[in-house]
1. Could you go through segment 214-230 and let me know if any residue there is over 30 Å from V4 (Cα atoms), in a strand (DSSP E or B) and hydroxyl-bearing (S, T, Y).
2. Here are A194, A237, A167: which of them is more than 30 Å from S144 (Cα to Cα) and of a type in the set (A, V, I, L, M, F, W, C)?
3. Do we find that F29 is aromatic (F, W, Y), buried (at least 16 other Cβ atoms within 10 Å of the Cβ), at pLDDT 90 or above and closer than 22 Å to E116 by Cα in this structure?
4. I'd like to verify a number: residues in segment 18-33 that are in contact (Cβ under 8 Å) with a residue 40 or more places away in the chain and in a helix (DSSP H, G or I), how many?
5. Give all pairs with beta carbons closer than 6 Å in which a residue from segment 260-277 that is surrounded by fewer than 17 Cβ atoms within 10 Å (Cβ to Cβ) meets a residue that is assigned to a helix (DSSP H, G or I) and among the β-branched types (V, I, T); count only pairs at least 6 apart in sequence or on separate chains.
6. Can you tell me which residues in segment 50-90 are in contact with a strand residue (DSSP E or B) (Cβ under 9 Å, 6 or more places away or on another chain) and within 18 Å of H108 (Cβ to Cβ)?
7. Among the numbered criteria (1) surrounded by fewer than 18 Cβ atoms within 10 Å (Cβ to Cβ); (2) at pLDDT 95 or above; (3) not charged (D, E, K, R), which single criterion is violated by A59?
8. Return yes or no: is V202 under 16 Å from the mean Cα position of the chain (by Cα) and outside the structural domain of A100 (by TED's automatic domain parsing)?
Amino acid sequence: MILVTGATGNVGRPLVGLLSEASVPFRAFVRDPERARAALGPTVDLAKGDFAEPATLDAALGGIERVFLLSGNSELETDAVVAAVRAGVGRVVKQSALGAGLDPPPFHRRIEETLERSGLGFTHLRPTAFMQTLAAYLPALIDSDGTFRLPAGGGRVAWVDTRDISAVAFRALTEDGHEGKAYPITGPETLSMAEVAEELSVATGRPIRYEDVPPDTARELMVQNGLPPPFAEFLVAFYGLVSDGATDFITKTVPRITGAPGRTFGGFAEEHASAFA
């Protein structure tokens, strides 16, 4: 039995779909069962709880052999690792991240190290920036003339579709041979933001253009267009890495682990053209 945390998110939801299609027994750990039922379907086994409430996590871990670990709070992820040890879980697949190059951000690395010391079997998934996240904020930054402005310079990103992350997670949870591994996960191509604009122009049928701007200007525009200030700060820092060339690389993890090519940004843009239009 597998426990899926973060089950209604960008990675958790398609992972739930893959487990369901394969008839793999699993339980979804959720804070709002009603919302989760609407997102995941009426037949999914749900455990109501919160990482901040240890008793609910202990209850959800009953009979669980493997865990997909995903939370926005690193301290609470540490508590979840301790609870998994207490419950006798065999393996934890943690969704980590790529920071600069192939290195995870420090807060993710701390949890990885906790897992490595725990005695649990572990697999670290380290994806780069999500196509789905880009689709969530970029439309707000495209002005009436079809221009969006970011401090990315000519830097490139191998945007990854979260469905490909889910496919790797599915294999790591259901197959042997993945324990003790760290998998950097990217899409199959790197794109500059100017090339992202070109792909969006093709998908939407409207001219979309990228303009490079200084970080302070980008931050101001993000906040003016409704992005929360902390998220704007995160994006400015991320695009600083992009501009410096720290995200310009491709890994072969998706085809190697899943046997399928990773999804391209052009294909994603066609699927989600209405969001960008």
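The values are calculated or read from the model by the stated rules, or taken from the named source; none is laboratory data. Everything numeric here is computed off the predicted structure, so don't read it as measured data. Neighbour counts are summed over all protein chains in view; Cβ atoms, including those assigned to glycine, are modelled from backbone coordinates with ideal geometry.
1. No.
2. Details: A194 fails: more than 30 Å from S144 (Cα to Cα); A237 fails: more than 30 Å from S144 (Cα to Cα).
Result: A167 is the single residue among A194, A237, A167 that is more than 30 Å from S144 (Cα to Cα) and of a type in the set (A, V, I, L, M, F, W, C).
3. In short, no.
4. Of the residues in segment 18-33, 2 are in contact (Cβ under 8 Å) with a residue 40 or more places away in the chain and in a helix (DSSP H, G or I).
5. Close Cβ pairs (under 6 Å, with a partner that is assigned to a helix (DSSP H, G or I) and among the β-branched types (V, I, T)) amount to A273/T204; A277/T204.
6. F51, V67, F68, L69, L70, S71, E77, A80, V81, A84
7. Of everything listed in (1) surrounded by fewer than 18 Cβ atoms within 10 Å (Cβ to Cβ); (2) at pLDDT 95 or above; (3) not charged (D, E, K, R), A59 misses just condition (2).
8. no
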